[in-house]
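Worksheet: the structure to be examined is printed underneath.
Values quoted throughout were computed directly from the atomic coordinates according to the rules given, and no laboratory measurement underlies them. Every value quoted in this text rests on a predicted model; they were computed, and no experiment measured them. Cβ atoms come from the backbone with ideal geometry, glycine included; neighbour counts cover every protein chain shown.
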Amino acid sequence: MSVSTPTRRPFHGSCHCGFIKYIVFLTLPHKPPSIGTPPPTDPSRSHQEFYRCNCTTCHKAGHFHMRMAWAPEDFMLLSPLDPMAELGDYTCNSGLVHWLFCKTCGGRCFVFEGEWETAEVDLDEMGVKDRDGGKMGKRTIWRPKADGWSEQRECGCYLSVNGYTVDAAQEGFELGEFITNRWVAYVDCLELNGPEREPRYDKPYNGGAF
């Protein structure tokens with residue numbers, strides 16, 4: 001298989017102290033939706049997206065958005081299993097989106113809005129290995145609830161992984177390539193700039209950062 005062939009594979013992520021642990025499935029190399037990507041056949045699904053937002057919440061939280069095409073299958077929280085109770089929670093604006101963070105180290109691994117569930121899954125069958133390449137077996141995980149979930153905008157469902165919390169030194173994941181290859185879209189949601197503008201890939205909008 002060519003290294004240029006997009007392949008879906010699991011990556012480990014965590015907060016700094018390790019209390020938050022998750023698995024995210026990403027398809028790399030990434031092909032931004034703007035480059036001839038056909039629309040999803042399932043209207044509730046979307047395209048994988050990587051982007052930086054210049055709104056004050058995203059900018060001050062240092063959140064590098066990684067949105068999966070279908071979060072109920074592409075994100076699994078291994079710890080904690082009751083994040084709404086065990087993690088710190090910051091909400092702003094509408095108060096519907098949960099900016100969850102570790103109460104020990106302050107790490108923000110993901111942002112969430114919607115319904116959720118716990119489930120038992122066989123990680124070995126899903127191709128997930130531990131960081132040493134060993135088996136992980138059956139585990140209880142927390143994930144977005146598939147029933148009623150939609151990745152479309154303004155649907156009350158939202159999950160965005162902070163790309164900076166994906167664990168380092170994993171084969172196939174190198175953040176520097178995201179900028180070099182222009183996989184990262186820059187969006188303009190800063191209220192002071194006026195109406196939102198279309199994403200662009202060359203440089204951030206006013207108030208944003210690379």
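Structure above, values below:
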item: For the range 91-210, projected area of the alpha-carbon convex hull averaged over all directions, nm²; result: 10.2 nm²
item: Rh by Kirkwood over Cα pairs, then Stokes-Einstein D for the chain at 0.692 mPa s and 37 °C, µm²/s; result: 184 µm²/s
item: Stretchable slack from Q170 to K145, in nm (0.36 nm times residue separation minus alpha-carbon distance); result: 6.2 nm
item: Selected from G172, G156, G62 as most flexible by GNM, with the chain as the system and alpha-carbon contacts under 10 Å; result: G172
item: For the chain: relative contact order, % (alpha-carbon pairs under 8 angstrom, 6 or more apart); result: 25 percent
item: Across the chain: Cys residues that no other cysteine approaches within a C-beta distance under 4.7 Å; result: C92, C109, C155, C157
item: For the range 54-119, convex hull volume per residue from C-alpha positions, Å³; result: 105 Å³
item: For the range 70-125 versus the range 166-210, the gap between their alpha-carbon centres in whole angstrom; result: 22 Å
item: Value of relative contact order over the range 158-209, rounded to a whole percent, pairs C-alpha under 8 Å and six or more apart; result: 25 percent
item: Share of Cα-Cα pairs in the range 1-88 lying beyond 14 Å, as whole percent; result: 74 percent
